[in-house]
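Reading through the structure tokens given below for one structure.
The values are calculated or read from the model by the stated rules, or taken from the named source; none is laboratory data. As the structure is a computational prediction, the values presented were derived from the model and not from experiment. Note: ideal-geometry Cβ built from the backbone for every residue, glycine included; neighbour counts use all protein chains shown.
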Amino acid sequence: MYNKTIAELSAGLKAGEFSSVELTQTYLDRIKTLNEQLNCFITVTPEIALEQAKEADAQRASGHAGLLNGIPLSQKDIFCTKGVKTSCGSKMLEPFISPYDATTITKFNDSGAVMLGKTNMDEFAMGSSNETSWYGPVKNPWNLDAVPGGSSGGSAAAVAARLTPAATGTDTGGSIRQPASFCGITGLKPTYGRVSRYGMIAFASSLDQAGPMTRTAEDAALMLNVMAGFDQRDSTSIDRAVPDYSTDLNDSLDGLKIGLPKEFFAEGLDDEVAKVIESAVKEYEKMGAVIKEISLPTSHLAVPTYYIIAPSECSSNLSRMDGVRYGYRCDDPKDLNDLYIRSRGEGFGTEVKRRILVGTYALSEGFYDAYYVKAQKTRRLISNDFNRAFEQVDVIMGPAAPSTAFNIGELTDDPITMYLSDIYTIAVNLAGLPGMSIPAGFANNMPVGLQLIGKHFAESKLLNAAHQFQKQTDWHLKTPDLFK
Ligand code: GLN
């Protein structure tokens, strides 16, 4: 049962082959026996899950069951969940029990989905390897010595190891696509504003976006159908009709114009990864797509631009964690200053502190124009590059990451190389575009993700292109040996 996709499980529930309670129990049992090896959950919620499963079964019996009814899912621990610890991977929020649900959680609850638990992540979503989590690193199910990617590494590993049929992730600079690539699953970062950020703990508010992490594009469409939509509680969410993302999956790709940015195939890309990407592109040619080389001339500015903007926004967003209102507070503060300094000093980890310092510096008087304003200008140039490219092509493709998963500990002392693992994903966030990573093969015995980038609100086109690829290939069906 655990090897099935959401679409298959949904059909099984509908046909009465099993109940949601049975299905949920199967996954809870797997989590119980296998999570210890992987560390992909921060919190498992068996009572809530079985209660929700019972309700879902009752709803189905009364004839009201949508496609996600009774389907077990796991939520990244960045989403506020009422009555359940919401830690964001940080010691700072270890004592935080959210008094409300994020909009994404409410929507999944309303659809009858079941929550198995909350997945591990880099602290406040800052990281590319899951090693910055206060709850310890997550292991990659394909090789337990390797990282799963980050920051949504717990979600990616849980889906890859079949501990959950699907999960949510968030992507500020690559955190859905890079772990999807490292773990051999499908991940979609929607257009900025497509999914509500209400109740999703903010890292960099102008970049953060939630999306599905699934086995297949078909499942990603089912999840996005629930997640997408306007929310008046998020002023950046967009009031625009939500299409049914499942309807265009089978459109023909004949004549689809695919752009390959030459900058994505230059120095820094692992040769074996490049080969996998090239053969994936050939697969698209066989389906009738037309391939064109394009250029994104300012793409080398994406990483430096991001590492000014994201830290600036996070330094502001994280100022609310002060030891006074909620979260961690140090023992026996001498005075108010001591309370602030020690609560933040003890509650935040090294990477988070590094970002707060960089961001505070970039925003301070005298440096603001030189760094922050400059970064906003280069952000516009990067966005313009994409606009120009999309005058010539429908979809842009390339690698999701320059390498396959590296080993735990390998890059912890080298933040710059770590930051470069998002070199192909970050520009997409800066431009607010939708992007996907889909399993495209293996290099060095580890999964490789093909990245698909679309115009604003072109999620249906990406899902269509991804689904057609998955009809021709079986990379997305592979299961890591240890978790078969
Ligand atoms: N790895 C990038 C970072 O460390 C992106 C993280 C993310 O998308 N949340 O900031």
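How many of the residues making up segment 288-306 are assigned to a loop (DSSP other than H, G, I, E, B) and over 28 Å from the mean Cα position of the chain (by Cα)?
Result for segment 288-306: 1.
So which residues in segment 307-343 are outside any helix (DSSP H, G or I) and either within 30 Å of residue 261 (Cβ to Cβ) or touching a residue at least 12 places away in the same chain (Cβ under 8 Å) (or both), if there are any at all?
The answer is 321, 322, 323, 324, 326, 327, 328, 329, 330.
Of 188, 224, which residue is over 16 Å from residue 72 (Cα atoms) and either within 16 Å of the ligand (Cβ to nearest atom) or hydrophobic (A, V, I, L, M, F, W, C) (or both)?
Checking each option against the conditions leaves just 188.
Residue 96 fails exactly one of the following numbered conditions: (1) farther than 27 Å from residue 234 by Cα; (2) away from the ligand (no atom under 16 Å from the Cβ); (3) surrounded by fewer than 24 Cβ atoms within 10 Å (Cβ to Cβ). What is the number of that condition?
(1)
If I filter segment 136-150 for residues that are within 10 Å of the ligand (Cβ to nearest atom) and out of contact with any Lys or Arg (no Cβ under 8 Å at 6 or more places or on another chain), do I get at least one hit? Let's see the steps before the verdict.
Going through segment 136-150, the residues within 10 Å of the ligand (Cβ to nearest atom) turn out to be 149-150.
Remaining after also requiring out of contact with any Lys or Arg (no Cβ under 8 Å at 6 or more places or on another chain): 149-150.
Looking through segment 136-150, at least one residue is within 10 Å of the ligand (Cβ to nearest atom) and out of contact with any Lys or Arg (no Cβ under 8 Å at 6 or more places or on another chain).
Please pick out the residue among 113, 102, 56 that is at pLDDT 95 or above and either charged (D, E, K, R) or more than 21 Å from the chain's Cα centre (by Cα) (or both).
One residue alone meets the criteria, 56.
Which of the residues that make up segment 144-172 are on the phi < 0 side of the Ramachandran plot and of a type in the set (D, E, K, R)?
145, 171
Out of (1) away from the ligand (no atom under 16 Å from the Cβ); (2) among the polar types (S, T, N, Q); (3) crowded, with 21+ Cβ neighbours inside 10 Å; (4) within 27 Å of residue 417 (Cβ to Cβ), what's the single condition that is false for residue 295?
The number of the failed condition is (3).
Does any residue in segment 52-81 that is more than 30 Å from residue 123 (Cβ to Cβ) come within less than 6 Å, Cβ to Cβ, of a residue that is hydroxyl-bearing (Ser, Thr, Tyr) and surrounded by 24 or more Cβ atoms within 10 Å (Cβ to Cβ) six or more places away or on a different chain, and which pairs are these?
From segment 52-81, the pairs are 53/20; 53/24; 56/20; 57/20; 70/20.
Can you find a residue that is surrounded by fewer than 24 Cβ atoms within 10 Å (Cβ to Cβ), of a type in the set (A, V, I, L, M) and not in a strand (DSSP E or B) anywhere in segment 183-203?
yes
Scan segment 97-112 residue by residue and report those that are assigned to a loop (DSSP other than H, G, I, E, B) and touching a Lys or Arg at 6+ places or on another chain (Cβ under 9 Å).
98, 99, 100, 101, 102, 112
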